[in-house]
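Beneath this line is the structure, given in structure tokens, with notes to follow.
The values are calculated or read from the model by the stated rules, or taken from the named source; none is laboratory data. None of these values were measured; they are calculated from a predicted model. Neighbour counts run over all protein chains shown; Cβ positions are idealised from the backbone, glycine included. With ligands, DNA and RNA removed, areas are computed over all heavy atoms of the protein, side chains included. Shrake-Rupley method; radii C 1.70, N 1.55, O 1.52, S 1.80 Å.
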Amino acid sequence: MKDRVQFATRIGAIAATVGSAVGLGNIWRFPYEAGQNGGAAFIAIYLLCVVVMGVPVIVAEFVIGRRSHKNVCGALRDLSPKVNMKWLAALCITSAILIISFYSVVCGWIVEYLVQALMGNLSSAHAQDYNTVFVTFISNPYRTVMWTVLFLVANFMVMRRGLKRGVELAANLMMPFLFLLLIVFCVFSLLQPGASKGLEFLFQPDFSAITPRVAVGAMGQAFFSLSLGLSCLLTYASYFKDTDSLVRNASLVAILDTLVAVLAGIMIFPIVFSYDMQPAAGPELIFQVLPAIFQQMPGGYIFAVLFFVLLFMAAITSTISMSEILIAYFSEEFKMTRNGASMLSTGIAIVLGTLCALSFNVISDFKIFGKTLFDLFDYVSSNILLPLGGIFFSIFVGWMLDRKLVLDELSNNGKIRVRTARLIIFSLRYVAPTAIIVVFLYGLGLFGWLN
Ligand code: PHE
């Protein structure tokens, strides 16, 4: 595999991987979940999930990717010549397609809001009107589809430039800027008069809030946030150098991803409470609560613009990583050029992304299992496919791969000492699959009696 591309630098490899992990999951979901479900107690459970289950599964994907230096399908075929694992590759490709389709709709919303912020339109509405502004926007099929498509075209422009000049360069440029912006926002937020109330909401430990439902929610959140279970990290690791330490890279990704999630909370809640607003989750927080605050804030114009720039960077470095799964797969399995593979995966995402965008307006009545396409894609991927992928990756590395191969891979053939190697294998065999099966069954509603 001498001629296969690799990330140019270790920093680039880490920036790209952290870029994948840091996304909307960190900024719009984690802070609210934490605040709502026990503050520091939730954060403690979340950390436990990241350490016990997240890091081992990241390492599992890294081992498969870096050992084979192939896309998910080729990698599984190489490492498991006897047992056909094509179905697992198919599961990953399906997850990647579903996630990029609904995720890019939200990315389109972000672009719309960025443009509106730049034009100064966001600051002209009245605080109580932001709800209407948002609902009017997502009900408009033309605008939502247009931005989804344009976002995917921007994503394509990065992808077609290749791994080093596209994926890696974008991450190297955006991730430091993202961290810088986040810190500036945090400092500003902490200087607000009501900051302590926001911090209390986020951190006040309340162990009585920790129900099984909350614990399971924390696990699911960890999975989505770490981009686990769809071979995203596997694909990136296939471009790692043989001298990179897999366990160190995995720990770094987990630490930085968690740090961004906590910082996002520190950035958001003090401002929200200072302006006497109610904290919310998801779209409401980003597209209604915060714009209404920016509008009243001195210097709100620039803060609004920078905030949507921050979100845009967090989002596109994640969609880039989803696309890379597809591009590596199409180009290696079907001998397509990078450009052709990028066009094909963008084409698929445009068709399905358009349908997801339309599920807020034109086809909002079209429901499968009571869910619109957007909700269905989100539900099936996050609650079913990612956990399944995680279970199978841990079983594959924990039980099916030769233990010596795994230890060699973790220690770079004995060149580095990794004290936690055995512990990680233990988790991959017993702890991670058991924990994920619990999340999975719970996500499917089988433990209804726990509520
Ligand atoms: N981890 C990303 C986030 O937190 C989402 C993502 C999922 C990215 C799967 C890639 C693959 O938003």
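With respect to being within 30 Å of K70 (Cα to Cα), within 16 Å of the chain's Cα centre (by Cα) and part of a helix (DSSP H, G or I), Y379 fits the description. Residues considered: F393, F440, F366. Of these, the only one that is of a type in the set (F, W, Y) and over 24 Å from G65 (Cβ atoms) is F366. The residues listed here are A171, A89; of these, the one that is under 19 Å from the mean Cα position of the chain (by Cα) and within 30 Å of V397 (Cβ to Cβ) is A171. Cβ-Cβ distances below 9 Å connect the following pairs, each with a first residue in segment 99-126 that is without any contact (Cβ under 8 Å) to a residue 24 or more places away in the chain and part of a helix (DSSP H, G or I), a second residue that is crowded, with 16+ Cβ neighbours inside 10 Å and aliphatic (A, V, I, L, M), and a separation of six or more residues or different chains: Q116/L122; Q116/V133; Q116/A304. When segment 13-24 is filtered for residues that are surrounded by fewer than 24 Cβ atoms within 10 Å (Cβ to Cβ) and near the ligand (Cβ under 9 Å from one of its atoms), only L24 remains. Residues of segment 336-351 that are farther than 15 Å from N71 by Cβ, open to solvent by less than 40 Å² (accessible area, probe 1.4 Å) and touching a residue at least 24 places away in the same chain (Cβ under 8 Å): T346, A349.
When V83 is tested against (1) surrounded by fewer than 24 Cβ atoms within 10 Å (Cβ to Cβ); (2) among the β-branched types (V, I, T); (3) part of a helix (DSSP H, G or I), exactly one condition is not met: (3). Scanning segment 333-376 for residues that are among the hydrophobic types (A, V, I, L, M, F, W, C), more than 21 Å from R143 (Cα to Cα) and under 22 Å from the mean Cα position of the chain (by Cα) yields a single hit, L376. Selection within segment 370-412: residues that are more than 28 Å from A218 (Cα to Cα) and free of Cβ contacts under 8 Å to residues at least 40 places away in the same chain. The member of this set that is least open to solvent (accessible area, probe 1.4 Å) is S411. Is it the case that segment 42-61 has a residue that's open to solvent by less than 30 Å² (accessible area, probe 1.4 Å), more than 23 Å from N249 (Cβ to Cβ) and either out of contact with any Pro (no Cβ under 7 Å at 6 or more places or on another chain) or in a helix (DSSP H, G or I) (or both)? There is at least one residue in segment 42-61 that is open to solvent by less than 30 Å² (accessible area, probe 1.4 Å), more than 23 Å from N249 (Cβ to Cβ) and either out of contact with any Pro (no Cβ under 7 Å at 6 or more places or on another chain) or in a helix (DSSP H, G or I) (or both).
Conditions (1) touching a Pro at 6+ places or on another chain (Cβ under 8 Å); (2) modelled with pLDDT of 95 or more, marked per residue:
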position	(1), (2)
N249	no, yes
L252	no, yes
L256	no, yes
I268	yes, no
Y275	no, no
P283	no, no
L290	no, no
F294	no, no
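Confirm whether Q36 is at pLDDT below 95 and more than 16 Å from the ligand (Cβ to nearest atom). Judged against the criteria, Q36 is a match. Of the helices (runs of 4 or more DSSP H) lying entirely inside segment 225-339, the ones with 1 or more residues being away from the ligand (no atom under 16 Å from the Cβ) and not aromatic (F, W, Y) are found at 246-274, 290-296, 300-333.
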